[in-house]
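All of the numbers you see were taken from the coordinates with simple rules; none came from a lab. If you're wondering where the values come from, they're calculated on a predicted model, not measured in any experiment. Backbone-built Cβ (ideal geometry, glycine too); neighbour counts: all protein chains shown.
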Amino acid sequence: IQGDINDDHLMDSIIKNVEYVVNFAAETHVDRSISNPKPFIISNVLGAQNIFDSCLKHNKRIVHISTDEVYGSNSYGKANESSKLNPSSPYSASKASADLIALSYFKTYGLNVSITRCGNNYGVRQYPEKLIPFFIKKLKNQELVTLYGNGLNERDWVHVKDHCEGIFKVLTSGMAGSIYNIGDVEHYSNLEITNM
């Protein structure tokens with residue numbers, strides 16, 4: 001869907017004519033959320049709520065795409081679907097908020113919604129503000145790359161095709177009101193990714 005996700009009429013006109021909805025719409029860059037959180041709240045919270053309203057109105061199945069960043073830093077091991085939410089940036093807080101709204105719509109109104117949470121995606125033609133394409137672009141231009149801190153913070157890295165397979169499985173056989181973590185396979189530090 002292109003256009004304003006906060007436009008009720010646009011959402012209704014599109015969602016009434018589809019079989020399923022997968023909500024990828026989001027502002028996603030942590031650094032930008034720190035310097036200007038307002039667009040993240042508008043898109044990730046209010047925009048998601050508008051999509052949930054339209055799905056409820058037209059009785060549509062929806063998968064809401066979230067992020068593993070809603071769990072925050074996890075020093076005690078891997079997060080699972082019932083781990084406590086502990087967002088640490090306006091971006092992750094906005095995504096956690098949308099997750100909670102989605103679950104409230106399931107409990108209160110019976111919205112047929114599932115939530116997926118995935119780690120960092122990578123793949124061809126990814127927007128160059130993300131770590132891997134940003135560093136590839138710099139290295140191709142023979143520029144230096146700079147890591148935050150010591151570069152030892154680890155993230156889960158999931159190829160976009162694997163992520164999409166997981167989303168499709170949740171869409172076709174996931175349970176309403178459930179959360180599904182996708183990934184947790186390849187953990188690498190930012191330093192390791194940079195060296196690769």
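Side notes on the structure shown:
- As a length-normalised measure over Cα pairs under 8 Å and 6 or more apart, the relative contact order of the chain settles at 21 percent.
- For Thr28, the amide hydrogen comes within under 5 Å of no other amide hydrogen, counting only partners 5 or more places away or on other chains and with H modelled in the peptide plane.
- Across region 16-110, Cα pairs under 8 Å and at least six residues apart give a relative contact order of 36 percent.
- Pairs from Lys16/Lys130; Lys95/Lys137; Lys38/Lys130 whose Cα-Cα separation, in the structure shown, is over 23 Å: Lys16/Lys130; Lys95/Lys137
- Between Asp31 and Ser173, the distance separating the two model label sites (each 7 Å from Cα on the Cα→Cβ line) works out to 4.1 nm.
- Region 12-71: chymotrypsin sites (Phe, Trp or Tyr not before Pro) in DSSP loop, at most 15 other beta carbons within 10 Å: Phe24
- Residues in region 153-189 reached by a label modelled at Glu19 [backbone nitrogen below 15 Å; 7 Å Cα→Cβ]: 168-174
- Those GluC sites (Glu not before Pro) in region 106-184 that DSSP places in a loop and that have at most 12 other beta carbons within 10 Å: Glu129, Glu143
- All other residues whose Cβ lies under 15 angstrom from that of Ala96 are scored, Lys and Arg at +1 and Asp and Glu at -1, for a net of -2.
- Loop-located chymotrypsin sites (Phe, Trp or Tyr not before Pro) in region 122-196 (DSSP state other than H, G, I, E, B) with a sparse environment of at most 16 neighbouring Cβ atoms within 10 Å: Tyr148.
- Taking every Cα-Cα distance in region 79-136 and sorting them into 5 Å bins from zero, the calculated P(r) comes out as 4, 14, 18, 19, 17, 14, 8, 4, 1, 0 percent.
- Those aspartates and glutamates that a straight Cα-Cα span of less than 17 Å connects to Lys140, excepting residues fewer than 8 apart in one chain: Glu129
- Asn86 paired with Val124, simple spin-label distance in nm, labels 7 Å along Cα-to-beta-carbon: 4.0 nm
- If you take the alpha carbon atoms of region 1-147 and fit the smallest convex hull around them, that volume is 134 Å³ per residue.
- Extension gain (nm, one decimal) between Ile42 and Ser189, 0.36 nm per residue minus Cα-Cα: 49.8 nm
- All C-alpha pair distances within region 101-162, sorted into 5 Å bins from zero, spread as 4, 13, 16, 16, 14, 11, 9, 7, 6, 3, 1 percent across the bins.
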